[in-house]
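Read the structure below first, then the notes.
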Amino acid sequence: MGAQVHGAQKFDQAKRADIKFSEEAMKTVELIISRYPQGKQKSALLPVLHVAQAEFGGWLSPEVMDYVASVLNIKPIEVFEVASFYTMFNLKPVGKCVLEVCQTSSCWLNGAEDIVKYIEKKLNIKVGETTKDGMFTLKVAECLGSCGTAPMLQCGASFHENLTYEKVDAIIDNYKAEGRLRSYTDLDYKNTL
Ligand code: FES
């Protein structure tokens with residue numbers, strides 16, 4: 001193993017030993033790597049991190065980042081630098097469903113603030129927090145490119161647009177009933193990453 005990743009979370013060697021992509025995820029990772037010239041596997045880092053985040057509970061622990069580094073044959077710090085730069089990657093545990101409410105101009109003008117307050121009250125959490133049952137984390141995000149259907153929120157690969165309080169109730173109920181982790185790779189990521 002190379003230099004360990006330093007972040008807010010502590011590195012645990014025992015946990016690291018248990019981390020391995022499932023066969024299906026590994027196939028996807030190999031497919032992603034094959035799209036780049038030989039020796040340029042570092043270019044595959046972003047899509048591979050998305051697979052890793054979906055595979056290992058919705059966040060990238062130091063052990064997972066170290067594992068990704070070993071798969072791509074790069075340094076753990078190179079993984080951490082990228083993972084800590086992009087807000088789509090979570091460096092601490094999150095709920096199965098991360099609700100990201102856009103708070104930029106169009107959404108803000110169309111009531112995003114009220115939607116955030118409504119979700120906070122409904123889930124009994126503040127922005128940045130996770131519900132006690134581990135089901136939901138609430139975040140705010142900058143423009144998600146759906147300004148014409150503001151206000152909106154993203155959860156994994158799904159966009160929910162033209163939000164009203166009733167729609168928010170339905171979205172939360174559906175996710176609760178489904179009970180599974182939602183990720184950015186929920187679409188057919190073999191074709192989209
Ligand atoms: S301002 Fe919210 S999607 Fe663009």
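Eigen-decomposition of the gyration tensor built on the alpha-carbon atoms of the range 1-93 gives equivalent ellipsoid semi-axes of 19, 14, 13 angstrom, largest listed first.
With contacts defined as alpha carbon pairs under 8 Å and 6 or more residues apart, what's the relative contact order of the chain in percent?
21 percent
Note on Lys92 and Asn124: their simple-model spin labels are 2.1 nm apart, each label 7 Å out from Cα toward Cβ. Database remark: amide H of Ala141 closer than 5 angstrom to the amide H of Val101, Cys102, Gln103 (H placed geometrically; neighbours at sequence offset of 5 or more, or on other chains; Pro and chain starts carry no H). A simple spin-label model places the labels of Glu161 and Asn73 4.4 nm from each other, with each point 7 Å out along Cα-to-Cβ. When you restrict to C-alpha pairs under 8 Å that are six or more residues apart and normalise by the size of the range 13-83, the relative contact order lands at 33 percent.
Counting alpha carbon pairs within less than 8 Å and at least 6 residues apart, what relative contact order, in whole percent, applies to the range 113-193?
21 percent
Computed from phi, the 3J(HN,Hα) profile of the range 156-172 under the Karplus parametrisation 6.51, -1.76, 1.60 (θ = phi - 60°) reads x, 7, 9, 9, 10, 10, 6, 5, 10, 4, 5, 5, 4, 4, 5, 4, 5 Hz, with x in place of Gly and Pro.
For the range 98-173, the fraction of C-alpha pairs more than 22 angstrom apart is 11%. Show the residues, 5+ positions off or on another chain, whose built amide H is closer than 5 Å to the amide H of Asp186. Hits under the 5 Å cutoff: Ala157.
One Cα centroid belongs to the range 55-114, the other to the range 128-172; the line between them spans 16 Å. DSSP finds beta bridges in the chain, and of those with both partners inside it, around 55 percent are antiparallel. Estimated at 0.36 nm per residue, the fully extended path between Glu24 and Asp186 surpasses their Cα-Cα distance by 56.9 nm. Expressed to the nearest 5 percent, the antiparallel share of DSSP beta bridges inside the range 89-155 is 40 percent. Computed from phi, the 3J(HN,Hα) profile of the range 119-127 under the Karplus parametrisation 6.51, -1.76, 1.60 (θ = phi - 60°) reads 5, 4, 5, 4, 9, 6, 9, 9, 4 Hz, with x in place of Gly and Pro. Considering all different alpha carbon pairs of the chain, the Kirkwood hydrodynamic radius works out to 17.7 Å. Taking the Cβ of Tyr118 as the centre, find all other residues whose Cβ is under 11 Å away and add up their charges (Lys, Arg: +1; Asp, Glu: -1). Around Tyr118, the surrounding residues sum to -1.
Here the simple spin-label model places points 7 Å from the Cα toward Cβ, and for Glu178 and Gln13 these points are separated by 4.1 nm.
Read-outs throughout are calculated quantities, based only on the coordinates presented, and are distinct from any laboratory measurement. Since the structure is predicted, the reported quantities are computational estimates derived from the model, not experimental observations. Because the Cβ atoms are built from the backbone with ideal geometry, glycine has one as well, and the counts that use them run over all protein chains shown.
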